[in-house]
Amino acid sequence: MPALNFDNLFVRELPADASREPGPRAVEGAFFTPLDPTPVAQANMLAWWPEVASALGLDDADMQHPDMARVLGGSAVLDGMQPYASVYGGHQFGHWAGQLGDGRAIHLGEVIGRDGERWDMQLKGAGPTPYSRGADGRAVLRSSLREFVCSEAMHYLGVPTTRALSLVDTGEHVVRDMFYDGHPKAEPGAVVCRVAPSFVRFGHFELPASRGDIDLLSRLVDVVIGRDFPHIGVSQPHARGDWFAEICQRTARMVAHWMRVGFVHGVMNTDNMSVLGLTIDYGPYGFIDEYDPDFTPNTTDAPSGRYRFSHQPRVAYWNLTRLAGALAPLFGDDVEPLHAGLALYERELAACERAFTAAKLGLTQADEDDMARMQQFKALLARGRMDMTLAFRALASLNPEAPDITIFGNAFYDMAARDAVGTDLQQWLTAYAERVLAQDLPASERRQRMDHANPWMLPRNYLTQQAIEAAELGDLQELQTLMQAVRQPYREQPDQARFAAPRPAWATHRAGCSMLSCSS
């Protein structure tokens, strides 16, 4: 077997649960429970991302080793690995949920990669833990494949994210009720290996704070700063305030990128928020097809729309206030650094929105009129039932000397809506063309800027669903083709034009293509 360079700092520096019992129970005074993954019936490597493997110090030969599927499926442990499940809490849909934790994820260890970077390897779907709340700790192929594809697609889109190494078939079936409607069925099981510099979440700090365990809270903060934010310097007088400020700043950048590409997380609970500002926990996520600021891909969230597309920036702020509340005991009477961090979030978010508006509209910079112009365009997209990705990409093809809404081509999902919005859209386009002509920027550079900000393709739900359905039948070609396409989301790929098409009518209300649930 290939050797990996493990340096499991969290295991060395943070307190462990005294028990290895995987059954449901309260775990206090500890960051993690030492626990091996539960072996599977027959691990089979379905796919891997060579780029991620290389970062860890692995090559294709390593990934093709007969035992690698067993390791990444949870049936074997390499020398140097110290597997564990971590415990955390969280606010779920606005309410404190108490102890949560890694219910089906098991950390294998921290790898020092090829370039000296630290990578935490984690198996999702690796079996029960004390935090599984009586569930089986497994995952199905459909949810595992979605995370396997989307985490890497987000990386290539330039969105801060956790990464994915491998997708392994377990040779077992898992019973799930996809929409919690009383129709459970057996589905193929799978394990995805997630990779990130850190999987620490807001909820890791909320839980000890909620229990009054300030010693554990303080120790965890200092270890996380030392390991994941070494540039701050844990011994510096203002280290904790600077650390919180950076979390706020990173979170703002992440959410701004979500809004730029039309990504909807679906479950922005505080236990799904990374302190590194990485997109984490790809559950019922989705990308905007026809522009709808109220879109949520999560059936559980549909009644309230708490995590709908347009609310994501404010939800992230609310989540940061929960983290600030958890950290407040460490700041004593001087909580001003926490207020300063929250204010920084708002400034950073506004700055990112302005920069992304300029990029998406092909402007050298965006002034207040341009910010209003963007909001007007989005309102027209909604009224006209236009595809967000296709509409923004089409703007780059504008001839400002002769603006015409025919550039939007197949971006309309409803012809009646197109006709109803046509006059207003033409007026907006004419004014936008005048703005483009007024700036000192060559047409070629404007298009280049826009093409680098507006994706040509996304792993839309229906595309991923097609790959899932083929994989469930043993055909991995659709998955491989999709993996190749998402590596270059901003470059037109004429041989894969179907990936840049609007959502087909058959996918509008189909399970896995429009709405999803937390069931996996």
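The values are calculated or read from the model by the stated rules, or taken from the named source; none is laboratory data. A quick note: this is a predicted structure, and the numbers were derived from the prediction, not measured. Note: ideal-geometry Cβ built from the backbone for every residue, glycine included; neighbour counts use all protein chains shown.
Here Glu110 meets each of (1) of a type in the set (D, E, K, R); (2) assigned to a loop (DSSP other than H, G, I, E, B); (3) touching a residue at least 60 places away in the same chain (Cβ under 8 Å) with one exception, condition (2). Listed here are the helices (runs of 4 or more DSSP H) enclosed by segment 324-405 that have at least 1 residues being free of Cβ contacts under 8 Å to residues at least 12 places away in the same chain: 336-361, 368-383.
Whether any residue in segment 231-238 is crowded, with 21+ Cβ neighbours inside 10 Å, at pLDDT 95 or above, of a type outside the set (S, T, N, Q) and out of contact with any Cys (no Cβ under 6 Å at 6 or more places or on another chain) is what I want to check. No: zero hits.
For Arg306, indicate whether it is free of Cβ contacts under 8 Å to residues at least 40 places away in the same chain and either assigned to a loop (DSSP other than H, G, I, E, B) or within 20 Å of the chain's Cα centre (by Cα) (or both). Answer is no for this residue.
Of all the residues in segment 173-194, those that are surrounded by fewer than 23 Cβ atoms within 10 Å (Cβ to Cβ) and in a strand (DSSP E or B) number 8.
Scanning segment 150-170 for residues that are in contact with a strand residue (DSSP E or B) (Cβ under 6 Å, 6 or more places away or on another chain), touching a residue at least 60 places away in the same chain (Cβ under 8 Å) and part of a helix (DSSP H, G or I) yields a count of 3. As a summary of the residue check, Pro66 satisfies the conditions (1) in a loop (DSSP other than H, G, I, E, B); (2) of a type outside the set (Val, Ile, Thr); (3) closer than 21 Å to Thr129 by Cβ except for the one numbered (3).
The sole residue among Gly98, Gly103 that is assigned to a loop (DSSP other than H, G, I, E, B) and either within 30 Å of Ala316 (Cβ to Cβ) or small (Gly, Ala, Ser) (or both) is Gly103. Could you list, in sequence order, the residues of segment 470-505 that are in contact with a helix residue (DSSP H, G or I) (Cβ under 8 Å, 6 or more places away or on another chain) and over 30 Å from Gln448 (Cβ atoms)? Scanning segment 470-505 gives Ala470, Ala471, Glu472, Leu476, Gln477, Glu478, Leu479, Pro504. Being closer than 20 Å to Gly89 by Cα and either among the aliphatic types (A, V, I, L, M) or touching a residue at least 60 places away in the same chain (Cβ under 8 Å) (or both), is that true of even one residue in segment 171-185? Within segment 171-185, not a single residue is closer than 20 Å to Gly89 by Cα and either among the aliphatic types (A, V, I, L, M) or touching a residue at least 60 places away in the same chain (Cβ under 8 Å) (or both). Just a yes or no: is a residue in segment 29-40 under 21 Å from the mean Cα position of the chain (by Cα) and surrounded by 15 or more Cβ atoms within 10 Å (Cβ to Cβ)? Checked against the condition, which is being under 21 Å from the mean Cα position of the chain (by Cα) and surrounded by 15 or more Cβ atoms within 10 Å (Cβ to Cβ), segment 29-40 yields no hits at all. Pairing residues of segment 57-73 that are under 14 Å from Cys193 (Cβ atoms) with residues that are among the aromatic types (Phe, Trp, Tyr) and crowded, with 23+ Cβ neighbours inside 10 Å, at Cβ distances under 8 Å and at least 6 apart in sequence or on separate chains, gives Met63/Trp48.
Screening His231, His204, His238, His257 for residues that are closer than 26 Å to Thr38 by Cα and out of contact with any Ser or Thr (no Cβ under 6 Å at 6 or more places or on another chain) leaves exactly one candidate, His204.
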